[in-house]
Each structure stands twice: as structure tokens, then as C-alpha cells.
Amino acid sequence: MKYDFAAIEPKWQERWEKAKVFAAADKSDKPKFYGLIEFPYPSGQGLHVGHPRPYTAMDIVTRKKRMDGYNVLFPMGFDAFGLPTENYAIKNHIHPAIVTKNNIAHFTQQLKRLGYGFDWDRVVDTTDPSYYKWTQWIFLQLYKKGLAYKATMPVNWCTSCKCVLANEEVVEGVCERCGSAVIRKEKSQWMLKITEYAQRLIDDLDELDFIDRVKTQQKNWIGRSTGAEVTFKATTGDDIVVFTTRPDTLFGATYMVLSPEHELVKQWMPLLKNAGEVREYQRAAASKSDLERTELNKEKTGVRLEGVKGVNPVNGREIPIFISDYVLSTYGTGAIMAVPAHDDRDWEFAKKFGCEIIEVVSGGEDVQKAAFTAKDETGILINSAFLNGLTVKDAIPAVTKWLEEKGIGAAKVNYKLRDWVFSRQRYWGEPIPMVYCEKCGWQPLPESELPLLLPEVESYEPTDDGESPLSKMTEWVKTTCPCCGGAARRETDTMPQWAGSSWYFLRYMDPHNDKALASREALEYWSPVDWYNGGMEHTTLHLLYSRFWHKFLYDIGVVPTKEPYRKRTSHGMILGEGGEKMSKSRGNVVNPDDIIRAYGADTLRMYIMFIGDFEKAAAWSDNAVKGCKRFLDRVWNLSESCADGEAYTPANESGIHKTIKKVSDDIEAMKFNTAIAAMMALVNDFCANGCTKGDMKTLLLLLNPFAPHMCEELWETMGFAAAEGGMVCQMSWPVYDESKTAASSVEMAVQVQGKLRGTVHVPVDSEEAAVVEAAKAVDKVARAIEGMDIVKVIHVKNKLVNLIVKPAK
RNA sequence: GCCGGUGUGAUGGAAUUGGUAGACGUAGUGGACUCAAAAUCCACCGCUGGCGACAGCGUACCGGUUCGAGUCCGGUCACCGGCACCA
């Protein structure tokens, strides 16, 4: 019989679905395992070969877990709100809801063709009102706890998407989605106070089994720095609070810098002799794009405030105050004390504007030539009164204590993390359930009115005035105040795409619940996600956002765990043939449907796992796909030529035990490529030594998570299904006998003076003397030690023997 | 600039705690089968020298530790990723 994958694959997909073999049980005596992959955005292009990499990996893991006796939850869903769908809808005049429905149908069909063991009864769709009802509900809880607030501030504005962006969505000064310029726009926006959770988001990483680069990237992004806030006086009598990580250098502060947007600058404007110049600088700074502002090696600019001075609280010295855009209004207090002798940026600015440079930490080069910034124990404080003689390390707590006693400063921690800008001026998102009343201000919609449905509109084009398309829906916007019953209007911005994905993994636990986002029992049973695999690109977006939401839900008693995910791993990208990124314009996009048609889903699954190190990027190769198909063909042929008998072929036995061990360990470690290599090597042995049905039976169990369709078919045709009373995916994972993983004899390396001179075959665990005897009998060894005395022997059991010799006297 | 990572044949990549470098797969070469091709099967496949047995060299580069280094240590170079005027 031919390996007719085109007939076999749909047949088993249908049988699995009918028998619901992959359904997760709500209650079970088995231990639970929740494996999760990031749900896709159902784009119009359909599945891309990048998708199957993480999906197949987790499918293998969960299929093995089922065979290990776990009650497995392996769900799938669709993150369907978002700009591309909306843009497609605008272009083709189809409602986004219809586009979404069609795309989900297409994705579902493609995913089923790959044979994934998803529990299809638990599919979630973030655009379904019965789902986004709970997204809105969570927003209301955030609002009630003061973690959602509306603020007017300069925000990132994508000129092409005509929409605000979160900090996390701006990459190198441009929009991460479309690559267009991002400018600052003063807008009133809903914000989420993720900064309140900054410390816990860092601290709790310690307990998690996340790959290190995820942890460091999140820590990096949150950007914790410790220091002190110090209050300087201005000659006007106003307080100027600055943040510094180097309070030890306070005596070296020779000027101050405020951000151009600083409140005090506005206040002082009438006093300033150069107010015109100052206003001009503020205007110029405001109109700069993010790209211009962050440009490297940019020369420092700024304006001195004529008429106001600052006073250094440690020595009473009057020092000049500048405004400059190198001080950011959104970090710290928006004001700094400048210590040019010990900070590169301040040094550069001081040189340009002729400010005084006073050395207060000795141990570096001439501070007039370059700043000395070492923060370790090499520097000793000078010119600093009571701090003189201390190391930097000791001076920081000393001066902080002093500041606290004097009441002019205190220890302070700052984070680079900013609050999350949560409104989008677009149509295809969750409506924000808030109402504005002239009398009562912003009021939350009563929970009983959820979901607040997205209204049908004529046009969902974004507008240049920065208003959402929903704002044109006069009838929908007009409402009554939930508080006083008077006339009011609805919020017309929608939530960002990240909203729905911030809690979707909870919904899988109890997807049809209409009383709560999920029942307490389901949450208790399934939490946390045991293993979550996803892309590195989501580390500081989805992964951070969802940890934040989860911690909030934990705080209000909705979820039972502090953290949503116990373990996080990440896959590398699939590149086009030749190593370039796959893209339509390069014409190197591989469509999984084509591969399935030509070679079958099992071959695609094998190849995508064999392609290379799972964590690293890998280039597609059509030829290498064929290698995997050949392997499956050989297995198929073996099933027809193997001998009867349940017992292992003696020549294969130790190889089988070794392979069970290798494949079991490698799946757990996500080393799918070497697991497959081990099975290939075993099959090569079967071909060389011949094999029995018993040999094949174990191979099918091992191979099943990787190539499930073929294994089911052979399991049945070889009679195992009838004998064992079930499909191969319902069987137990094979066990190995450690004592049988070693063969009876081993090949050992023989070295002379550390140089390889030959090998010897000896019984396992041979004693040193026996090995040395055997080694001396090897021709090349004998020649190498001729006329020499063996002075030392290094013997590593079953591995090698190294003879150290010197000339005989 | 700061933080993290990587560097192995023509090629994707393997190599427990330092212990036979190149598993497994591609591509290539030779052969079998075939009228022929495809498919399949067998053999070879790091570099240099030699007809040969064999010898020497080899994991980015330089040095060190060790009986023994792809693996550990010090230095250099190259590439990739993250953060970046964050005080």
C-alpha cells in the first residue's frame, strides 16, 4: 500500500474530532496541564509558515502530556480586533465583522488540516460581544480602582494610522505596525496605571520559569533606577524637585535643567528677561518628531532662563537654570540638577554653554576633558564637605540620610515604564464603556448594560481631526448619564488590540460562561498556564500587559494566582529560502497549504520541527522538506516489511531504549530537531538490522506527537488499534529501561599524550588494566608508545583512555 | 554608550558535568536498478600532503589553564537582538 497522505490525513482529523479525543475535561482525577500558544490575528492572507512552528511545538508537547496521563487543555482562538481588518474593510467596502468571520473560517480550516489537537469547543473570538463584554468589565474594574484615568498629555500619534500609540508600539521613533512617522500630539486619552505595578512586575519574574532573555528584556523595559529626590529652591522662592541617581555628587551641581514643558517655566514666564527666546525654544521642541528628538550624536540645545536662579541646598550657591529637550518631561520630575564633572550629558551641555565643571569624585582623568562617571568603589569624594573621603558607594546612603534629616530630599525609585495609553481613534475595537456628563464628569456604564455593543456605522474611515469614527454616530453617542439621568455622551474611542489578548487565556478555562469571565472552579482548576510559548516581539507588549492585568485581577480576587504563566519559551522566526525575511514583495512567502498538498501535513510538521534550533531563526529549504518526507516513507515501508513478534529485535533493543529516553527528554527541552534526528537514526538501524512489529509499535508511539496522522493509520493497519483498544494518541507514552540504554560493549577512544591514536571495542564497564591491554594491541597505539614508558594512565570509564608516556631510559 | 546573545564542513545544524568534533538532514560525487528519467538502494563526502598504509592541520582570531578545550579563563574581531538624552 502506498503512503497516501492526502487520504489518510482528513480521515484521522475527522475521527479525532468526532471522538473528541482532544477535549479538556472540566473535572478529572488526572493532573492538569495547560499548554498555550499565542492566538493568531486572523489576517486576510491566511496562515503563514511562521505560524506552525510554535503551534506544532506545543501540539507535540501536549500530545505527549496526554500520553503521560495528564488532563490537557490546549486551546485556540482569534485575536480579531485590529487595524488590518478595518483597513481591508474600508478598501473593499465590507463590514469588518464579516471580514473577520470569513478570515476565522479560513484560519480554522487551515489549522485543522495541520492536525492540531486543539479543543475546538473552547474557541474564543475577541470580537464576539459575549467575549468583549468581559474585556469591558475588566476595564470598569480598573476604573473603579483608580487604575484607569483620563488625562490630557502629549501622546504618540501615528500619522498614517491616524491613531495614538502606546509607548510599547513605537519602535525607533516610528509606528511598529506601519513604519510611519510618529509625532507628539496633545490629546485627552484613557490611561491605565501599569506603573503602579512596575515593582511587582520586576520582582515576581524571579519565581517564574521564563527564558532569561524574556526576563531581562522586561526588566530593561521597566527600567528601574534608584536614587533620590532633592528639593532645590529657586530665587523666586519656588521649590524645584529633581531626581538623581547620584545624590553623592550634589556638591558638584553647577546648574539645573528643566524640560521645556515644565510647569515652573510657564509660571516664571513674566519674570524672564528672555521670555521670547524661551517661548521659541518650547515651540521648536514641541514640533519635533520622536525620531528627531532621539537622534544620535545630536548636539545639545537649550536656553538659559534669564532672571531666575536655583540654589544648591548643600552649599547655598546660586546656579543658573536652563531648559533643554535632553531633559524629558515624562521621566522623574522633569527637572535635573546637572553635575557636568560626573555625567556625560551634563558635561557635553556644560562645555557648549560655558557652565562651571567642579570635580567632586576623584579617581578619574581631568574632568575638564571628560566626565568621570564610575559608580563603583574607585572614586573618592572630594570638595564635598562631610562626604569627603567616602567612596561613591558609601556616599550615596550617607547623603540620602542627611537629605532626609534636613527634610530636603528622600530616597526615590523611578521607572522608565510609562502608563499605558489605552484609547484608539479607530472603529474596530472594543468600545470603552464610559459616559461623559457635563454635571457629573466621567461615569462608568453600569455592569448590567454590558456588553456595550459596537454600533453599525456607514463609514469607519479614520479622521484627520483625531476623533474616532464612532464620534460621527450622533445617535449612539447621545445617551443619558448613569449618575444623574441627564444628557450625556459616550466615549467614542475604542480599546487597543492588546485589550482582548490581555486575558484570553482565562476565557479558555470556561469559555461559555455568561455570569463571569470564568467560574471560580475553572480558574482554580486550570490556573496558571503551565507552559506558554510565543514570539519575542510580544515581550514588552502582550506579555507585559497581560501580566499587569492578571496581577490586577488577582488583587481584586478574581483569579487565584499572582502570575498568569508558569513557564514561557520563545521560538525563532521562519525566514525565506536564503535567509531573508519572508514577504510578499520579495516573493519568497511559503504557503503551508502548498506544502500540505505536495507532501502532507505530517511532513510539514516534521520539517518545521527539524528545521533547526527552535529558539533561533531558521531559513526555509524546499529540499530539506523532501528529507522529512523520505523519512516518513521509510517508516511506512518498514511497517509492511517488519517481522511478526512483540519482542524487540536484539540488535535494536538498546537503541530503542536510548531513543525513548532521548525523545522524552528532548520534547521537554524543546529540542525537537535532535528528537527527530534520534528517531531517524533508529529507523536507519531498523532498516539495517530488520525489525519486528514490537520495534515498530514503540516507534509509532514516539513518532505520534510529531506525525500523528501517519502513526494513527499504521497503528490501525498493523493491528495495534484493535489489540490495544484505542487510537495511538490515546495510548501511554513508552517507558525505557535505563539499564538497557547501554549496549553490552562500547567503543573507547585511545589517546597517547592526549592525541587520538585509535579506538578499542571493550565490554561495558571494563577495568582500566583490561582497557590498557586492549589499547596496547592497537597498531597505531603500539607504534606511538614504542620505546616509551607509560608513566600515567587516565581512564574515563566507557569513554576513553589516555596514556602518558616518556622515553624509556 | 549600556545589557544580552552568537561565531563549528559546501549547507541547516549535532556534540551530558572538559573526554573519539561534524550525529541527523540537505546538496555533491561514484555505483546498482532502468531503453531513459524520476523514485529507491549501496558507497564516499572537513582541509593539506602522499599511489598507499599514513602523517599533519582543523570549532572566528591571539594567548592561558589542563593528561585532554568547540566547551573553562584573559584579550581581539565580526555579526545579531533589546534598551537608549531615563538624569
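Structure summary
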| quantity | calculated |
| --- | --- |
| A:K562-A:Y331 pseudo-label distance in nm [points 7 Å out on the Cα-to-Cβ vector] | 2.9 nm |
| Contact order relative to length of the stretch A:369-518, as percent, for alpha carbon pairs under 8 angstrom and 6 or more apart | 20 percent |
| Sites A:R200 and A:K375, calculated FRET efficiency, Cβ-Cβ separation with R0 25 Å, nearest 0.05 | 0.40 |
| Potential lengthening between A:D29 and A:N513 on full extension [0.36 nm per residue; Cα-Cα distance subtracted] | 171.9 nm |
| Calculated FRET value between A:N274 and A:K91, using beta carbons and R₀ = 56 Å, to 0.05 | 0.60 |
| Distant-in-sequence amide H partners of A:A338 (H built 1.01 Å from N, under 5 Å) | A:T254, A:Y255, A:M256, A:V257 |
| Net length gained if the chain between A:N588 and A:A782 were fully extended (0.36 nm per residue, minus Cα distance) | 64.0 nm |
| Straight-distance crosslink candidates among aspartates and glutamates, where the alpha carbon sits under 16 Å from A:K412 and sequence neighbours closer than 8 are dropped | A:E196, A:E229, A:D248, A:E404 |
| Probe 1.4 Å, all protein chains present, accessible-area order of A:I608, A:I408, largest first | A:I408, A:I608 |
| Tensor-based shape of the stretch A:176-251 (alpha-carbon gyration tensor, a/c under 1.5 rounded, otherwise prolate or oblate) | oblate |
| Cα centroid separation - the stretch A:215-287 against the stretch A:616-688, whole Å | 65 Å |
| Solvent-accessible surface ranking, highest first, for A:K352, A:K369, A:K185, A:K472 at 1.4 angstrom | A:K369, A:K472, A:K352, A:K185 |
| Ordering of A:515-524, A:700-709 by burial proxy (mean other Cβ atoms within 10 Å per residue, highest first) | A:700-709, A:515-524 |
| Estimated distance in nm for a label pair at A:W442 and A:T235, the labels positioned 7 Å out from Cα along Cα-to-Cβ | 4.2 nm |
| Local net charge near A:G429, Cβ-Cβ under 12 Å (Lys/Arg +1, Asp/Glu -1) | -3 |
| Per-residue HN-Hα couplings for the stretch A:599-614 [Karplus 6.51, -1.76, 1.60; θ = phi - 60°; Hz; x = Gly/Pro] | 10, x, 5, 4, 5, 4, 4, 4, 5, 5, 8, 8, 4, x, 3, 4 |
| Burial ranking of peptide ranges A:637-643, A:194-200 (average Cβ count within 10 Å, highest at the top) | A:194-200, A:637-643 |
| The stretch A:30-70 - percent of accessible surface contributed by carbon and sulfur, probe 1.4 Å | 51 percent |
| Exceeding the 26 Å Cα-Cα cut-off - candidates A:K65/A:K671; A:K91/A:K133; A:K740/A:K799; A:K150/A:K273; A:K30/A:K616 | A:K91/A:K133; A:K150/A:K273; A:K30/A:K616 |
| 5 angstrom amide H check on A:N71, placed H, neighbours 5+ away | A:K32, A:F33 |
| Over the stretch A:20-72, equivalent-ellipsoid semi-axes from the Cα gyration tensor in Å | 26, 12, 8 |
| Rounded FRET efficiency, nearest 0.05, which uses the C-beta distance separating A:D465 from A:T674 and R0 of 45 Å | 0.20 |
| Peptides ranked, highest mean first, by Cβ atoms within 10 Å: ranges A:592-599, A:86-93 | A:592-599, A:86-93 |
| Accessible solvent surface per residue of chain A, calculated while the other protein chains remain in place, 1.4 angstrom probe, Å² | 43 Å² |
| Separation of the A:A624 and A:R520 label points, Cα + 7 Å toward Cβ, nm | 5.2 nm |
| Net charge, A:V752 excluded, C-beta distance under 14 Å - Lys, Arg +1, Asp, Glu -1 | +4 |
| Along principal axes, Cα extents of the stretch A:397-451, largest first, whole Å | 56, 29, 21 |
| Solvent-accessible area, 1.4 Å probe, carbon plus sulfur percent, for the stretch A:622-684 | 50 percent |
| Phi-based couplings in Hz for the stretch A:65-82 (Karplus 6.51, -1.76, 1.60; Gly and Pro marked x) | 4, 4, 5, 7, x, 8, 8, 9, 10, 9, x, 9, x, 9, 8, 9, 6, x |
| Contour minus Cα-Cα distance for A:K393 and A:R345 (0.36 nm per residue) | 15.1 nm |
| D_trans [Stokes-Einstein, Kirkwood Rh over alpha-carbon pairs] for chain A, 10 °C, 1.306 mPa s, µm² s⁻¹ | 50 µm²/s |
| Nonlocal amide H pairs with A:L390, under 5 Å, H built at 1.01 Å | A:L381 |
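The values are calculated or read from the model by the stated rules, or taken from the named source; none is laboratory data. Treat the numbers as computed from the prediction; the structure is a model and nothing was measured. FYI the Cβ positions are ideal-geometry reconstructions off the backbone, even for glycines, and counts take in every protein chain you see. Heads up: the accessible areas ignore ligands, DNA and RNA and are worked out on the full protein's heavy atoms, side chains in. Shrake-Rupley method; radii C 1.70, N 1.55, O 1.52, S 1.80 Å.
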